[in-house]
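*Asks:* The structure follows.
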Amino acid sequence: MSEKTGFNRRDFLKIVGATTGMAATGCAQDVPEKLIPYVVQPDEVIPGVATWYAATCDQCPTGCGTLVRTREGRAVKVEGNRAHPVNRGGLCSLGQSSLQTLYDPDRVREPLKRKVNEAFKPVTWDAAIGDVAKAIKASDAAGKKTLIITGSVSGSTRTLLDGFSSKLKNAVTLRHELFESEALDAAAKRVFGQDVRPHYHFDKADLVVGFGADYLETFGSPVEYTKDFSKRRVPDSHGSISEVYHFEPRLSLTASNADTFYKIAPESEAAIIRTLLAKTLAKAAAPNGSRAAAERAVVGLNVTSALKGTGVSEAQLDVLAEKLIKHAGKSLIIAGGASLRGDSGADAAAYALLLNAVLGSIGNTVSLRSHGAETQTLTAFLHDRKDHKNDDVGVVLVAGTNPVFSLPASSAFEKLATSVGLLVSLTTNLDETSQLANVVLPASTSFEAWNDGESAPGVFTINQPSMQPLYKSQGLGDTLIALAANSSLDLKITEATSFEAFIKEQWSKRTGSAGFEGRWLQYVQGGGDWSKAVAAGVAWSISSTLASTFSSSSKKEEGDALRLLAFPTVRFGDGSAANRPWLQEIPDPMTTAVWGSWVEIHPKRLAKLGMKQGDVLQVHTEGGAIEAPVYESKFIHEDVVAVPIGLGHESLGRYADGVGVNPLSVMPVAADGSTAFMAPVTRLAKSLVNEELVTTQGHDSQMKRGIYRSVGLAELQKSANGHHAEDHGHKVDTNGADKHGSDGHGDDHGDGHGGGHHDPLALGPREEPKQMYKQMEHSQYKWGMSIDLASCTGCSACVTACYAENNVPVVGKEFCAQGREMSWIRLERYFDGPETKPVEGFVPMMCQHCNNAPCEPVCPVYATYHSDEGLNTMVYNRCVGTRYCGNNCSYKVRRFNWFDYSWPEPLNWQLNPDVTERTTGVMEKCTFCIQRIREGQNTAKNEGREVAEGEIQPACASSCPADAITFGNMNDTHSKVFADSKSARGYKVLDFELNTQPAVTYLAEVVHEGSAKK
Amino acid sequence: MSSPGAITVDYKTINDDILRTLEPPTVKWLLLWLSAICCLCVGAYCWVYQILNGIGVAGITHPIMWGVYITDFVFWVGIAHSGTLISAVLFLFRAKWRVPIYRIAEAMTVFAVMTAGLFPIIHLGRPANFYWLLPYPNQRYLWVNFKSPLLWDVFAVSTYLTVSVLFFIIGLIPDIAAARDKATGVRKIIYTLTSLGWRGSHKQWRHYMAAYGFFAALATPLVLSVHSVVSWDFAMSNVPGWHTTIFPPYFVAGAIFSGLAMVMTITIPMRSAFSLEKYLTIWHYEKMSQLIMFTSGIVTYAYATEFFIAWYSQNPYEQYQFWFRPFGYLAPAFWTMVFCNCVAPLTLWWKKCRTNIAWLFVLSIIINIGMWFERFNIIVQSLTVEFIPAAWGPYNLSWIEAGITLGSFGWFFFWLLMFIKLFPSFSLTEIKEIAEVGPQESH
């Protein structure tokens, strides 16, 4: 002990130890998470290795084949199944985002039940099923109807449903699918006399003429159509591409992809198609007795008066009619979509089918698929019993559809739902319909339940569950089996005790029991059985009664009436997907709006109201009023205001409720009982509400900067012929992207590159400039990408894929308004074209992985650098957040984590374990899916070979429905990316000006010289 | 006979007058100091709030990833500029009019660099890792990127700070000794320590003058280098509106311009508060005004050159940028700059204005506002409209940025006011050197 201080060494050490310990523990991190190893290792689960399950998408009636990637028992990604004949690898945003319904934090987690005017209370499945069975029994015995309302179902569910309802005395199964157009089915029946539905083959069509049908968005089989459509937009071996016309009152995504877009007055489709029919009839083959019907159809047609006020002139139609005759049998007329769900829609659809028949397209570009006698639709059912008091209905079971949301307020459904004895809802979310229910049953998603179906004639698909149900949920099949087997009903439909067994039984019945077990495994592994797929449609003839259905007097619409158009979008479909944060945040391709609805209106109409962009507009119809921020658009007919479908939920979940408005609620019921998508506007007024419409695109014009480029077809052919004469760097005059700048422009930014005499907007490989510095070397791999703008439709599926694959956070409306959205890939849409092709095109923009990247030298800490595989890599751990790289990135594709973003449980279960989650204060950007590159390289290395062409696919490329994105090794001179980089259509954005040498080559869109001239 | 601006008082009066600034604080001083502390607290609160919530609480966003913080940084580095110019460059040129102002200008330099140095850290996404920008040996072999202008910045600013502080301290030694001789109590101890045993011997004076001259020579190139390097943060990038060779001289001229204005802003109130009209005469202010006129001319010429080059280059990106500045949505910021930096200083062509102290005070504040907006225009406007139109976007100025900017003024004036009360703000020795009276007693 020190005598002076009275403080000995031991005490000193104790205090030092204690303070150090306290300081250390005080700064320790939160309680560490426990990692619990498997006690018994499941056979199929290898930690760190993904398992892929073939499945079927259930997001729309199409039924595309999917592959579900699971990691450690959790589904983390959905992609298209390349082997599936319908979608062939592509998958739309809706399908990809279905994961966010699986992990929806607002899902119904257990059966709920309530008495009138009371809150829901959880019950067991047995109790809930028992109650429902008892109620059905009682109601059936009392002679009251049991309604089973589902979405469009096929396969074993259909069989089971039919079995179930046939065992009851008074059961009625009804279907309710928002975009399934009864009018089109009725028209097909009227024209062909059979229950057929037209299916379109864009790959065979040289000339596509669309009337309102949004076939690249929601109409029919959009992924399949996109794939076929895009294939024909790229010059084939003969150097030809298809030509596309589109007639619609507003510029939809589909319309923006047409070579010629005619903005027409609402309800004028019938008159236009009828005129075309009259103009082509004389020279067309008109097989199978279609001539007589067509002649009858055009009797009394006065072209001048018919076309008055439609927005197209007779001369324009003459040109089109000539082309139709020229391409007879190779043309395709497609009518449908929202703008046809008005009064004249039925006629327009019939004329369109007849025109196809007259031109000999049926059997070539249009095939007819028999859909047999489908169940009645809910709307038709309600329409037929307009005067009923509803006391004849005892029980209503709603499964997988939300009629309260998708039917107008004036529909009789809500009254029925509230007055019925027992309303049962089998649903994933407590949606608007479920809010009226007495019993709510938690539905399984397609990731948790078995299902099967028929995607196309002969294409039988299976959906196997890819993970255990998250909650106490069941699919419709299992629920029906449980109901039927319940002691109160005891319907004895099937011996099977589970839906899986039932499906197996059905498949065994259909495909034969010999060797079934082995085949079954193949079916499940492959996602179904399409060995007997039927390509051709059914034989057809024109119905003998068709002629008599056309009245000779053309109906004249009342003049200047303003209409509200509810239109579907590629993002939300029928609105059931609105609670997915990805879809809310991915910009609408046309307006780039996020997190909300808008009213599209013509500037002249807006000026008449004395309003401007940014105001909130109130639209009154007879069904009520809705209000949303104004989106001014020159590309909508003055007589229409349009509001997108899918938003405006009152009860779906935290991301959907109160976001946007639901235009369907103010729509009238059409003559056939279905929901019209067009309503007369009674009043437009400025709303006092203040709401901002958040759009992500900064500027609508590309200012002639050549970010998007196009080339005329003839021009391209000319240059292809002269290709061998010149070495490289030949000029192709660009169309739409005017030349600017004089000689020598670009020198002030160049790092001393030699040739300053080229047009910066020329296509084809750039002349190799003299470089002052040593260039990057890449020994084995140099990853590159090419994006074919001729194929790209702007559907934004790549954006969704990127969000899902790379754990890109969703930031919400407030931060989007501040420009803080995190998307690594951006769809740029430029309105620079002529009136008939306003959108020149879409440019998917992601990190260009420049060989000479401006972002790399400016980082003071080497957090971003050039890898020897040509990747511009980002080291999150090293980043201190100076954001200098972001400023110096000429493409503005670097996104900064301004905050810490997180997902509420269980949405975070979707996160890809292969990709780091980023924290606040670091920069991030597209990595070319480096995790996939590494995985592919590891596989190749294990097998002792180099990575093969096409083996590695980034998420965007893999999901692209149009196959617009190609990824590969630029060092491999046989690869497609290498060929594309040397293509006469190829160009690199800003490369000429900045010498950035991007790894992404864009291939200019090909346009018909005649159609896209300004 | 006395030359213009001559100081004609005896050494004792000089001692008394200058050292009067060190007397116990008045209520006015205390109020000023407290308000500086209040501003500082607002800034500190905002910074803590930003650290806790993420840098996104500031207005910087995509695509404008640098904003008010870097504007503040450049602004304060600019302010820091004229201190060394006045003390070192004008010393070497033997410009007499620098004498009464150089001390306060040096103090201003030191505190402004201290303020400026905070901003690169404040603006970092992960401020706790700021030291990663320093090349220090570490086990992970992580090194810094010497190609990055930001790293040059680190060296330029830290070198400038080091040299300015040393130069400042050396100049202070004889004056502290003078204060020491008068002081009592704690002050006596402080001054005794900080005067480093100064006795005023001839040998000490000889060494002192040599050291002072040496540091003046050392500091002079830094006057040019520091702001040139800061300008390279912009000029070395490829952003239209930044990528230009004119930036280094343009920035240096702008910095002298704003620094002189700041010297005026500070000395004019001090002059009247401490009755120093004898030392800071109208003549001195006229000299400063002339330099301001000159540098205002340079910046105006630089602005014009940018527009000329944008037109002459036929570079569409550059052209759009310079169309956007006067006519875009941030046009008010541009026209504020033009008014403050180009138009308002024109008044100095009239002697009446040059010699009107009240107008000079107002003008000095106008110029400082203008120079802040100059940097704001360069940074924010350029980033708003770059190459890809789809990615353009507006800036959302936030209260946090305003608070931190306010806090930076609080921080600056907190130190400056303390300095005024603790050390002689005007150089006793040099004033005595030029005083036009015969040698008397005392130092």
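The values are calculated or read from the model by the stated rules, or taken from the named source; none is laboratory data. The model shown is predicted, which means the values in this text are computed figures rather than measured ones. Here the Cβ is made from the backbone with ideal geometry for all residues, glycine too, and neighbour counts use every protein chain on show.
Matching residues to (1) away from chain B (no Cβ under 14 Å); (2) of a type in the set (Lys, Arg):
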residue: A:Trp903; (1), (2): yes, no
residue: A:Thr920; (1), (2): no, no
residue: A:Glu924; (1), (2): no, no
residue: A:Arg934; (1), (2): yes, yes
residue: A:Glu943; (1), (2): yes, no
residue: A:Ala957; (1), (2): yes, no
residue: A:Ala999; (1), (2): yes, no
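*Asks:* Of the numbered conditions (1) of a type in the set (Asp, Glu); (2) more than 11 Å from chain B (Cβ to nearest Cβ); (3) more than 22 Å from A:Val1000 (Cα to Cα), A:Glu840 satisfies every one except a single condition; which is it?
*Replies:* Of everything listed in (1) of a type in the set (Asp, Glu); (2) more than 11 Å from chain B (Cβ to nearest Cβ); (3) more than 22 Å from A:Val1000 (Cα to Cα), A:Glu840 misses just condition (3).
*Asks:* Assigned by TED's automatic domain parsing to the domain that holds A:Leu423, crowded, with 20+ Cβ neighbours inside 10 Å, of a type in the set (A, V, I, L, M, F, W, C) and under 30 Å from A:Gln584 (Cα atoms) - does that describe any residue in region A:91-103?
*Replies:* no
*Asks:* Going through region B:228-265 one residue at a time, which ones are within 23 Å of B:Tyr317 (Cβ to Cβ), more than 12 Å from chain A (Cβ to nearest Cβ) and among the hydroxyl-bearing types (Ser, Thr, Tyr)?
*Replies:* Hits for region B:228-265 are B:Ser231, B:Tyr250.
*Asks:* Moving on to the next point. Any residue that is closer than 19 Å to B:Phe155 by Cα, surrounded by fewer than 19 Cβ atoms within 10 Å (Cβ to Cβ) and modelled with pLDDT under 90 - is there at least one of those in region B:191-201?
*Replies:* no
*Asks:* Only residues that are within 28 Å of A:Gly575 (Cα to Cα) and acidic (Asp, Glu): list them for region A:139-176, please.
*Replies:* Matches in region A:139-176: A:Asp162 only.
*Asks:* Based on what the data block shows, is B:Leu134 within 30 Å of A:Asn897 (Cβ to Cβ), within 14 Å of another protein chain (Cβ to nearest Cβ) and surrounded by fewer than 15 Cβ atoms within 10 Å (Cβ to Cβ)?
*Replies:* Numbers: within 30 Å of A:Asn897 (Cβ to Cβ): yes; within 14 Å of another protein chain (Cβ to nearest Cβ): yes; surrounded by fewer than 15 Cβ atoms within 10 Å (Cβ to Cβ): yes.
Taking the combined requirement at face value, the residue satisfies it.
*Asks:* Sort out for me the strands (runs of 3 or more DSSP E) sitting completely within region A:330-433 that have 3 or more residues that are in contact with a strand residue (DSSP E or B) (Cβ under 7 Å, 6 or more places away or on another chain), farther than 26 Å from A:Lys204 by Cβ and in contact (Cβ under 8 Å) with a residue 24 or more places away in the chain.
*Replies:* A:393-399, A:422-427
*Asks:* Looking only at residues in region B:280-321 that are outside any helix (DSSP H, G or I), in contact (Cβ under 8 Å) with a residue 12 or more places away in the chain and out of contact with any Lys or Arg (no Cβ under 7 Å at 6 or more places or on another chain), which one is nearest to the other protein chains (Cβ to nearest Cβ)?
*Replies:* Here the residue is B:Asn315.
*Asks:* Condition test on A:Thr966, is it surrounded by fewer than 24 Cβ atoms within 10 Å (Cβ to Cβ) and modelled with pLDDT of 95 or more?
*Replies:* Judged against the criteria, A:Thr966 is a match.
*Asks:* Could you please tell me which pairs satisfy a Cβ distance under 7 Å, a separation of 6+ or placement on different chains, a first residue in region B:189-207 that is β-branched (Val, Ile, Thr), and a second residue that is surrounded by 11 or more Cβ atoms within 10 Å (Cβ to Cβ)?
*Replies:* B:Thr192/B:Arg180; B:Thr194/B:Ile176
*Asks:* Of all helices (runs of 4 or more DSSP H) completely enclosed by region B:162-279, which ones contain at least 1 residues that are closer than 30 Å to B:Asp72 by Cβ?
*Replies:* In region B:162-279, the matching helices (runs of 4 or more DSSP H) lie at B:202-235, B:247-273.
*Asks:* Part of a strand (DSSP E or B) and either farther than 25 Å from A:Ser455 by Cβ or not assigned by TED's automatic domain parsing to the domain that holds A:Ser446 (or both): is that true of A:Ile325 in this structure?
*Replies:* Values: part of a strand (DSSP E or B): no; either farther than 25 Å from A:Ser455 by Cβ or not assigned by TED's automatic domain parsing to the domain that holds A:Ser446 (or both): yes.
The answer is no for A:Ile325.
*Asks:* Checking the condition β-branched (Val, Ile, Thr) and modelled with pLDDT of 95 or more, which residue from B:Thr71, B:Thr162 passes?
*Replies:* B:Thr71
*Asks:* Just a yes or no: is a residue in region B:369-387 in contact (Cβ under 8 Å) with a residue 60 or more places away in the chain, within 14 Å of another protein chain (Cβ to nearest Cβ) and of a type in the set (Phe, Trp, Tyr)?
*Replies:* Checked against the condition, which is being in contact (Cβ under 8 Å) with a residue 60 or more places away in the chain, within 14 Å of another protein chain (Cβ to nearest Cβ) and of a type in the set (Phe, Trp, Tyr), region B:369-387 yields at least one hit.
*Asks:* Right, another one. Would you say B:Phe155 is part of a helix (DSSP H, G or I), aromatic (Phe, Trp, Tyr) and away from every other protein chain (no Cβ under 14 Å)?
*Replies:* Against the criterion (part of a helix (DSSP H, G or I), aromatic (Phe, Trp, Tyr) and away from every other protein chain (no Cβ under 14 Å)), B:Phe155 does not qualify.
*Asks:* Ok, one more. Which one of these does B:Thr8 not meet: (1) more than 14 Å from chain A (Cβ to nearest Cβ); (2) in contact (Cβ under 8 Å) with a residue 40 or more places away in the chain; (3) β-branched (Val, Ile, Thr); (4) assigned to a helix (DSSP H, G or I)?
*Replies:* Every condition holds for B:Thr8 apart from (4).
*Asks:* Please indicate, with yes or no, whether at least one residue in region B:99-107 is surrounded by 24 or more Cβ atoms within 10 Å (Cβ to Cβ), among the charged types (D, E, K, R), more than 14 Å from chain A (Cβ to nearest Cβ) and touching a residue at least 40 places away in the same chain (Cβ under 8 Å).
*Replies:* Checked against the condition, which is being surrounded by 24 or more Cβ atoms within 10 Å (Cβ to Cβ), among the charged types (D, E, K, R), more than 14 Å from chain A (Cβ to nearest Cβ) and touching a residue at least 40 places away in the same chain (Cβ under 8 Å), region B:99-107 yields at least one hit.
*Asks:* Residues that are under 29 Å from A:Leu789 (Cα atoms), at least 1 per element: which helices (runs of 4 or more DSSP H) completely within region A:154-256 meet that?
*Replies:* Those helices (runs of 4 or more DSSP H) span A:222-231, A:253-256.
*Asks:* Okay, next question. Taking the condition touching a Gly at 6+ places or on another chain (Cβ under 9 Å), modelled with pLDDT of 95 or more, more than 9 Å from chain A (Cβ to nearest Cβ) and more than 29 Å from B:Trp323 (Cβ to Cβ), does B:Ser408 pass?
*Replies:* So B:Ser408 passes the test.
*Asks:* Hey, another quick one. Only helices (runs of 4 or more DSSP H) wholly contained in region A:542-634 count here; list those with 3 or more residues that are at pLDDT below 90 and either out of contact with any strand residue (DSSP E or B) (no Cβ under 7 Å at 6 or more places or on another chain) or on the phi < 0 side of the Ramachandran plot (or both). If you could, list the steps in order and put the result at the bottom.
*Replies:* Values: elements: A:546-549, A:581-585, A:603-609.
Helices (runs of 4 or more DSSP H) meeting the threshold: A:546-549.
*Asks:* Can you find even one residue in region A:963-977 that is outside any helix (DSSP H, G or I), out of contact with any strand residue (DSSP E or B) (no Cβ under 9 Å at 6 or more places or on another chain) and of a type in the set (Val, Ile, Thr)?
*Replies:* So far as region A:963-977 goes, yes, one or more of its residues are outside any helix (DSSP H, G or I), out of contact with any strand residue (DSSP E or B) (no Cβ under 9 Å at 6 or more places or on another chain) and of a type in the set (Val, Ile, Thr).
*Asks:* Go through the residues of region A:693-703 one by one and say whether even a single one is modelled with pLDDT of 90 or more, more than 14 Å from chain B (Cβ to nearest Cβ) and in a loop (DSSP other than H, G, I, E, B).
*Replies:* Checked against the condition, which is being modelled with pLDDT of 90 or more, more than 14 Å from chain B (Cβ to nearest Cβ) and in a loop (DSSP other than H, G, I, E, B), region A:693-703 yields at least one hit.
*Asks:* Here is a further query. Is there a residue in region A:234-243 that is of a type in the set (Val, Ile, Thr) and surrounded by 22 or more Cβ atoms within 10 Å (Cβ to Cβ)?
*Replies:* no
*Asks:* Only one of A:Asn872, A:Asn938 is of a type outside the set (Ser, Thr, Tyr), away from chain B (no Cβ under 12 Å) and in contact with a strand residue (DSSP E or B) (Cβ under 7 Å, 6 or more places away or on another chain). Can you tell me which?
*Replies:* Working: A:Asn938 fails: in contact with a strand residue (DSSP E or B) (Cβ under 7 Å, 6 or more places away or on another chain).
The conditions single out A:Asn872.
*Asks:* Just one of A:Val843, A:Val880, A:Val839 is buried (at least 20 other Cβ atoms within 10 Å of the Cβ), assigned by TED's automatic domain parsing to the domain that holds A:Asn807, among the hydrophobic types (A, V, I, L, M, F, W, C) and in contact with an Asp or Glu (Cβ under 6 Å, 6 or more places away or on another chain); which is it?
*Replies:* Answer to the check: A:Val843.
*Asks:* Here's a follow-up. Kindly provide the set of residues from region A:169-226 that are under 25 Å from A:Trp540 (Cα atoms) and of a type in the set (Asp, Glu), ordered by number.
*Replies:* Within region A:169-226, A:Glu180, A:Glu182, A:Asp185, A:Asp195, A:Asp203, A:Asp206, A:Glu224 meet the criteria.
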